[in-house]
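Structure first, then comments.
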Amino acid sequence: MQYLHGVLVPIINKVFEEKKYVELDPSKVEVKDVGCSGLHRPQTEAEVLEQSAQTLRAHLGALLSALSRSVRACPAVVRATFRQLFRRVRERFPGAQHENVPFIAVTSFLCLRFFSPAIVSPKLFHLRERHADARTSRTPLLLAKAVQNVGNMDTPASRAKEAWMEPLQPTVRQGVAQLKDFITKLVDIEEKDELDLQRTLSLQAPPVKEGPLFIHRTKGKGPFMSSSFKKLYFSLTTEALSFAKTPSSKMTSNSSQNPGVNRHGEELPFLLN
């Protein structure tokens, strides 16, 4: 959230404070009166579209510049995650025709699921105290669309979907180059640093569930079979299942890869209370 605010707050504040009427879709343009008192004249559709394009190009350029400067501000765990994603997708699609696929894999999260929703609904992400008014609300929506076009690496399909976004194309094309450069730097995290981060996170992983653990033990076969329960105390995190005889005892950890197996490779059937 701190990273999101650092990148978006200046742009979002400017959008809200300017309260400019912005529209690129000719079918939705509302012609307004412009000029000083006594000299009012209707603003033409062409003027509305041109001024809107200028405003959105300025906002999009400012946002991409802020993003380009934010590599070091991005949380290390996010950088490590994107590094893995970028590397695995590039290994899966190595051909030159798939050059943009690793970048789009990252921007699918970075733009579509992170920045764009916050731009459209700033209040939900605590960027503003109130939702945008009717005059202002169209600007964040169009800006989010432009960000997503950049994130899609300006594909023909993306352009064809809303042809009226064409006035933003020069800034979008420049933004693609900026975004690719940003992602290249973002995923350039040393493997050693990534491993250190993973170890740190595994030590700091908060419990998902903890409490009594009952291990069911079975002895014998057929009619002579008997069973009993052994009570332990467990702590389950995203990394490991740990258990001990009492809550205050030192816990033994099992691998997160198979938390139902003890250190001797024996299966531990258990019931969580």
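What follows is calculated from the coordinates using simple rules that are stated; it is not laboratory data. Computed from a predicted structure; not experimentally measured. Cβ atoms come from the backbone with ideal geometry, glycine included; neighbour counts cover every protein chain shown.
Projecting label points 7 angstrom from Cα along Cα→Cβ for Gln169 and Arg88 puts them 3.7 nm apart. Between His98 and Ser70, residue separation times 0.36 nm minus the direct Cα-Cα distance comes to 7.4 nm.
Extension gain for Ile215-Glu17 works out to 65.1 nm (0.36 nm per residue, less the C-alpha to C-alpha distance). Pairs from the table (Lys209/Lys231; Lys14/Lys123; Lys14/Lys185; Lys161/Lys185; Lys28/Lys180; Lys123/Lys161) lying more than 24 angstrom apart at Cα are Lys14/Lys185; Lys161/Lys185; Lys28/Lys180; Lys123/Lys161. Label positions at Val31 and Lys185, each projected 7 Å from the Cα along the C-beta direction, are separated by 4.7 nm. The mean sequence distance of close C-alpha pairs (under 8 Å, at least 6 residues apart), as a share of the length of region 27-135, puts its relative contact order at 11 percent. Subtracting the Cα-Cα distance of Gln2 and Ala244 from their residue separation scaled by 0.36 nm leaves 83.3 nm.
Scanning residues 5 or more positions from Ser137 or on other chains, none has an amide H under 5 Å from its amide H, with H placed 1.01 Å from N in the peptide plane. Once the Cβ-Cβ distance between Ala46 and Arg130 is put in as r, and R0 is 25 Å, what FRET efficiency do you end up with, to the nearest 0.05? So the FRET efficiency works out to roughly 0.15.
Of the GluC sites (Glu not before Pro) found in region 49-118, the ones in coil according to DSSP and having at most 13 other Cβ atoms within 10 Å of their Cβ are Glu99.
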